[in-house]
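Engineer: One structure follows; several queries about it will come next.
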Amino acid sequence: MSSQISAAPAQNSSPVDWWKYLLLAVILLVVLPLALDIFRLNLIGKYLTYAFVAIGLVLCWGCGGILSLGQGVFFGLGGYCMAMFLKLEASNPEATAIQSTPGIPDFMDWNQLTELPWFWQPFHSLSFTLLAVIAVPVIFAFIIGVAMFTRRVGGVYFAIITQAIAAILTILIIGQQGYTGGVNGITDLRTFVGWDIRTESAQYLLYFVNVALLFACLFAALYIKRCKLGRLLVAMREKEDRVRFSGYNVASFKIFVFCIGAAFAAIGGAMFTLQVGFMSPSFVGIVPSIEMVIFCAVGGRLSLLGAVYGTLLVNLAKTSFSESFPELWLFAMGALFIGVVLAFPDGLAGLYQTYIQPWFKHFINREKVGLTPPAPIPEKTTTPAKEPVASSLSSSLEESRNVPA
Amino acid sequence: MFADYTSSELTAIFAMQGFAGLILFSVFVLMALGLAIIFGQMGVINMAHGEFMILGAYITYLTSQLFSAYLPSLFDGYFFIAMLLAFVVTGALGALVEWAMIRHLYKRPLDTLLATWGLSLILQQLYRTVFGAREVGVSLPDWLMGSYAITDIIEVPINGIFVMVLTIFITIGVYLLMQKSRLGKQTRAVVQNRAMAGAVGINTEKVDRYTFALGCGIAGVAGSAFTMVGSTGPTAGQLYIVDTFLVVVFGGASSLLGTVASAFTISQAQSTMEFFLSGSMAKVLTLLTVVGILMLRPQGLFSLKVRR
């Protein structure tokens with residue numbers, strides 16, 4: 001399956017613009033904490049948990065061409081694992097003494113359960129929980145990946161089946177109220193190993209932990225994108241059979257990157273639970289899963305940093321729009337979907353590359369020219385060699401596009 | 001789980017649940033037919049298909065209001081005019097959407113998914129603004145009310161029978177259209193080999209537009225029929241879209257017969273299990289089974305062999 005994204009592989013060989021990562025770090029770690037009060041900062045932290053999912057989608061969808069509409073499943077599984085641990089801690093026998101069965105979560109008591117179900121038992125342990133936050137979604141993703149990719153299900157069919165899985169999990173969570181908290185989710189979470197997560201200082205700390213984890217994921221994703229695996233992913237997106245005939249096991253690469261995406265989403269989900277203080281099926285189903293895809297698309301489906309900025313911008317717009325014009329928000333969101341797909345398939349990153357970056361370069365080059373006066377060569381030759389490479393690349397992409405998929 | 005019931009009761013339960021399943025089957029088939037044409041033939045993922053169906057339902061509702069206000073003497077027959085109107089209006093909207101949006105995206109099927117999802121959000125909000133968030137229902141003419149008793153304990157509602165008969169006619173109509181008519185032949189030719197179809201003089205762009213409009217029009221008719229058995233709200237379409245996609249994929253995307261067969265299997269399994277388990281578990285089990293089968297047999301039940 002081919003897609004109309006321009007000049008992607010050129011990024012792999014160019015040096016990393018570290019100042020962009022530094023800029024993001026400064027914005028997230030210095031500017032926002034100083035500029036915003038804790039309520040707003042907590043909100044930003046909540047949006048950043050979606051950015052984990054968007055980064056995973058850049059790898060899966062942008063590079064690998066695997067569109068998963070079930071990332072909410074992994075986000076939710078990670079979040080639910082964390083929420084189960086917190087809930088068990090919150091419902092110790094003293095706190096739940098008024099229940100008919102003290103010591104079990106309140107919603108179980110309301111649903112006439114008299115003992116803790118077996119799959120809740122291990123979540124008393126912190127180390128098991130931290131393992132499960134990553135392991136449960138990754139194993140689930142691995143099973144889906146093995147079942148689908150080794151049978152060469154891809155593209156549209158994969159998207160529809162992952163969407164169905166998201167629907168199934170939501171129905172299951174809502175239906176099994178006694179075990180999962182139903183439509184309300186797991187609420188009223190208080191402490192994390194005796195540390196109250198609702199205080200201001202805790203929220204500040206969690207925000208910084210969240211940003212640190214986000215950067216860890218960003219760098220991991222950057223590494224994957226720039227090593228040989230990343231290039232193979234792009235090659236698979238453009239011409240899967242050619243990669244297969246070159247002797248690579250296409251399915252195993254796809255499974256790997258799908259599992260990585262799931263792991264990122266799960267970390268995001270766990271951080272979401274810690275920062276927001278509850279987890280509910282409304283972050284698992286079809287609608288949130290597709291919204292997460294649009295965060296990634298707005299940022300530019302190939303750009304890791306773009307995914308973070310896209311997530312932040314869309315969510316800020318969503319919050320401010322739905323606060324002031326709740327009627328208009330869905331129109332704006334719908335228009336955003338259509339506009340991003342039709343007019344800006346490369347998203348914010350594409351806009352940056354076509355409009356702002358040349359301007360920067362022009363500016364820098366003029367300064368250089370000013371420092372070394374005898375250089376009468378105008379802009380044309382100050383950016384040599386790039387253009388032929390880019391055009392030959394895009395023409396080879398054109399060629400592969402014209403062949404029916 | 002069968003031990004508590006006598007055999008005659010079991011027969012009655014299966015018959016009644018089977019009939020409820022047949023109504024669900026009708027809705028599935030009508031929605032899936034349009035989708036099978038759009039997705040199966042053209043490869044476009046139309047996430048706004050449910051909203052096209054709801055548009056048909058709202059048009060039926062408006063027509064019924066109009067008839068009861070101005071032409072009460074003809075109220076018995078309003079449904080047929082409403083169905084025609086629904087087909088024309090949703091088909092026209094479909095052609096417009098194809099022209100404005102879809103035709104730019106044929107080479108990026110995953111992007112059609114996102115763009116049409118955006119369209120579905122806009123349409124939903126539009127319905128909410130125009131018709132209000134509450135569900136609306138049509139008043140049925142007298143001859144569609146009541147139920148028909150087959151035996152002492154088995155009763156079937158007449159509007160259900162009507163919807164099923166309608167479904168059968170529409171299915172046969174669509175089948176004939178795709179197999180015998182000029183448009184159908186051209187559509188299939190374009191699907192099988194676009195370049196060659198263009199070379200022999202078929203205007204492929206025009207065929208694309210008509211095919212998309214036809215699929216949307218059938219969704220409108222589905223919405224019309226849907227008003228007979230359920231009430232219409234702005235988000236009712238979204239409830240069915242995932243199921244419908246599964247129906248189409250399960251049946252083998254480009255086979256109309258497969259679509260009908262898979263709609264039958266899924267709806268019957270779901271409504272029969274619903275009686276013995278809770279509704280949500282029945283749905284989970286059905287969907288899980290379908291996803292499981294699709295993992296084993298990705299091409300669906302009936303697959304068309306096309307050289308790619």
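The values are calculated or read from the model by the stated rules, or taken from the named source; none is laboratory data. Model, not experiment: these values are computed from the prediction. For neighbour counting, all protein chains shown are included, and Cβ atoms are generated from backbone atoms with ideal geometry for every residue, glycine included. Just so you know, the surface numbers come from the protein's heavy atoms only, side chains and all, with ligands and any DNA or RNA stripped out. Shrake-Rupley method; radii C 1.70, N 1.55, O 1.52, S 1.80 Å.
Engineer: Counting Lys and Arg as +1 and Asp and Glu as -1, each charge on the Cβ, what is the dipole of region A:167-293 about the Cα centre in debye, to the nearest 20?
Structural biologist: Numbers: 11 positive and 7 negative charges, 150 e Å.
Result for region A:167-293 is approximately 720 debye, rounded to the nearest 20.
Engineer: Please express the Cα-Cα pair-distance distribution P(r) of region B:213-308 as a list of whole percents, one per 5 Å bin, running from 0 to the bin with the greatest distance.
Structural biologist: Taking every Cα pair in region B:213-308, the percentages come to 3, 12, 18, 22, 20, 15, 7, 2, 1.
Engineer: For chain A, modelled as a GNM with alpha-carbon contacts under 10 angstrom, which of A:Val308, A:Val243, A:Val16 fluctuates the most?
Structural biologist: Ranking A:Val308, A:Val243, A:Val16 by mean-square fluctuation puts A:Val16 first.
Engineer: If you rank A:Asp346, A:Asp188 by how much accessible surface each has, with a 1.4 Å probe, what is the order from largest down? Provide the component values of the computation, followed by the final result.
Structural biologist: Values: A:Asp346 45, A:Asp188 70 Å².
Final ranking, largest accessible area leading: A:Asp188, A:Asp346.
Engineer: Once phi is turned into ³J(HN,Hα) by the Karplus curve 6.51 cos²θ - 1.76 cosθ + 1.60 with θ = phi - 60°, what whole-Hz value does each residue of region A:155-168 show in order, with x for glycine and proline?
Structural biologist: x, 4, 5, 4, 4, 5, 6, 5, 5, 4, 5, 4, 5, 4
Engineer: Hey, another quick one. For B:Glu9, what accessible surface area do you get with a 1.4 Å probe? Give it in Å², rounded to 10.
Structural biologist: Rounded to the nearest 10, that gives 80 Å².
Engineer: Here's another thing I want to ask about it. Looking at the square roots a ≥ b ≥ c of the eigenvalues of the Cα gyration tensor of the protein assembly as shown, which shape do they give, rounded for a/c under 1.5, prolate if a/b is larger than b/c, or oblate? The partial results should precede the final answer.
Structural biologist: Working: a/c = 1.85, a/b = 1.22, b/c = 1.52.
Oblate.
Engineer: Farthest toward the dipole's positive end in region A:75-192, which of A:Phe192, A:Ile165, A:Ser125, given Cβ charges of +1 (Lys, Arg) and -1 (Asp, Glu) about the Cα centre?
Structural biologist: The one lying farthest along the dipole's positive direction is A:Ile165.
Engineer: Amide H neighbours of A:Phe192 under 5 Å, counting only residues 5+ apart in sequence or on other chains, H built in-plane at 1.01 Å?
Structural biologist: Long-range HN contacts for A:Phe192: A:Ile197.
Engineer: Accessible area, 1.4 Å probe, largest first: how do B:Val200, A:Val31, B:Val249 sort? Kindly include the intermediate steps, with their values, before the conclusion.
Structural biologist: On the way: B:Val200 110, A:Val31 70, B:Val249 0 Å².
Reading off the accessible areas and sorting them downward yields B:Val200, A:Val31, B:Val249.
Engineer: Using θ = phi - 60° and the Karplus curve 6.51 cos²θ - 1.76 cosθ + 1.60, what whole-Hz ³J(HN,Hα) does each residue of region B:221-232 get, with Gly and Pro shown as x?
Structural biologist: 4, 4, x, 4, 5, 4, 4, 5, 10, x, 9, 10
Engineer: Taking the full set of protein chains and a 1.4 angstrom probe, give the accessible area of A:Thr191 in square angstrom, rounded to the nearest 10.
Structural biologist: Accessible surface of A:Thr191 is approximately 30 Å².
Engineer: Now for a separate question. So for each of B:53-61, A:265-273, A:110-118, B:172-180 I average, over its residues, the number of other beta carbons within 10 Å; can you give me the resulting order with the highest mean first?
Structural biologist: With the highest mean Cβ count within 10 Å placed first, the list reads A:265-273, B:53-61, B:172-180, A:110-118.
Engineer: Calculate the mean, over all residues of peptide A:159-169, of how many other protein chain Cβ atoms lie within 10 angstrom of the residue's Cβ.
Structural biologist: For peptide A:159-169, the averaged partner shielding equals 6.
Engineer: Run lengths n ≥ 4 of DSSP H only: what is the helix-derived mean residue ellipticity at 222 nm for chain B, with -39500 (n - 2.57) per run over all residues, to the nearest 500?
Structural biologist: -24000 deg cm²/dmol
Engineer: Where a ≥ b ≥ c are the square roots of the eigenvalues of the C-alpha gyration tensor, would you call chain A rounded, which needs a/c under 1.5, or, failing that, prolate if a/b is larger than b/c, or oblate?
Structural biologist: Working: a/c = 2.30, a/b = 1.61, b/c = 1.43.
Cα axes put chain A in the prolate bin.
Engineer: Taking only protein heavy atoms into account and a 1.4 Å probe, give the accessible area per residue of region A:125-243 in Å².
Structural biologist: Here the residues of region A:125-243 average 44 Å² of exposed surface.
Engineer: Right, here's the next one. Is region A:157-274 best put as rounded, prolate or oblate by its Cα gyration tensor, with a ≥ b ≥ c the root eigenvalues, rounded for a/c under 1.5, and otherwise prolate when a/b is larger than b/c, oblate when not? Please report the intermediate quantities before stating the final value.
Structural biologist: On the way: a/c = 4.33, a/b = 1.56, b/c = 2.78.
Verdict is oblate for region A:157-274.
Engineer: Within 10 Å, count the other beta carbons around each residue, average over each peptide in B:258-265, A:132-139, and list them highest first. Display every interim value, and only then the final one.
Structural biologist: Values: B:258-265: 24.0, A:132-139: 20.5.
Ranked by mean Cβ neighbours within 10 Å, highest first: B:258-265, A:132-139.
Engineer: Further question: Projected onto the charge dipole of chain B (+1 at Lys/Arg Cβ, -1 at Asp/Glu Cβ, origin at the Cα centre), which of B:Tyr127, B:Phe275, B:Val229 gives the Cα projection farthest towards the positive end?
Structural biologist: Value computed over the given set: B:Tyr127.
Engineer: Moving on to the next point. Could you give the distance between the Cα centres of region A:72-136 and region A:25-49, to the whole Å?
Structural biologist: The distance from the Cα centre of region A:72-136 to that of region A:25-49 comes to 30 Å.
Engineer: Against the globular-protein guess of 2.2 N^0.38 Å, express the Cα radius of gyration of chain B as a ratio, rounded to two decimals.
Structural biologist: My calculation over the Cα atoms of chain B gives 1.03.
Engineer: Sticking with this structure for a sec: Quick check: with the 1.4 Å probe, what order do A:Tyr309, B:Tyr148 take by accessible area, largest first?
Structural biologist: Numbers: A:Tyr309 70, B:Tyr148 130 Å².
Sorted by accessible area, descending: B:Tyr148, A:Tyr309.
Engineer: Rg/Rh for region B:48-161: what does it come to with C-alpha atoms and Rh from Kirkwood?
Structural biologist: 1.10
Engineer: Just to be sure I understand: if you take the accessible area of chain B alone plus chain A alone and subtract the pair, with a 1.4 Å probe, what total do you get in Å², rounded to 100?
Structural biologist: That pair of chains buries around 3900 Å² in total.
Engineer: All other residues with a Cβ under 14 Å from the Cβ of A:Leu205 taken together, and with Lys, Arg as +1 and Asp, Glu as -1, what is their net charge?
Structural biologist: Combined, the nearby Lys, Arg, Asp and Glu give -1.
Engineer: In Å and from the alpha-carbon atoms only, list the Rg and Dmax of region B:1-63.
Structural biologist: 17.9, 50
Engineer: Turning to a different aspect of this structure: Counting only C-alpha contacts under 8 Å and six or more residues apart, can you give the relative contact order of region B:25-240 as a whole percent?
Structural biologist: Once normalised by length, the contact order is 45 percent.
Engineer: Leaving out ligands, DNA and RNA but keeping every protein chain, what accessible area does A:Val153 have, in Å² rounded to the nearest 10, with a 1.4 Å probe?
Structural biologist: Accessible area of A:Val153: about 10 Å².
Engineer: Then there is this: Please turn the phi angles of region B:40-47 into ³J(HN,Hα) values with the Karplus equation 6.51 cos²θ - 1.76 cosθ + 1.60 (θ = phi - 60°), one per residue in order, whole Hz, x for glycine and proline.
Structural biologist: For region B:40-47, the Karplus curve yields x, 8, 9, x, 8, 8, 9, 6 Hz.
Engineer: With charges set only on the Cβ (+1 for Lys and Arg, -1 for Asp and Glu), what does the dipole of the protein assembly as shown come to about its Cα centre, in debye to the nearest 20? If you can, show how the numbers build up before the last one.
Structural biologist: Details: 42 positive and 36 negative charges, 649 e Å.
Computed charge dipole of the protein assembly as shown: roughly 3120 debye.
Engineer: Listed here are the pairs A:Lys20/A:Lys318; A:Lys225/B:Lys206; B:Lys107/B:Lys185; which of them are more than 30 Å apart at the Cα?
Structural biologist: Among A:Lys20/A:Lys318; A:Lys225/B:Lys206; B:Lys107/B:Lys185, the Cα-Cα distance tops 30 Å for A:Lys225/B:Lys206.
Engineer: Between B:Leu296, B:Leu166, B:Leu114, find the one with the highest GNM mean-square fluctuation for chain B; connect C-alpha pairs within less than 10 Å.
Structural biologist: Largest GNM mean-square fluctuation: B:Leu296.
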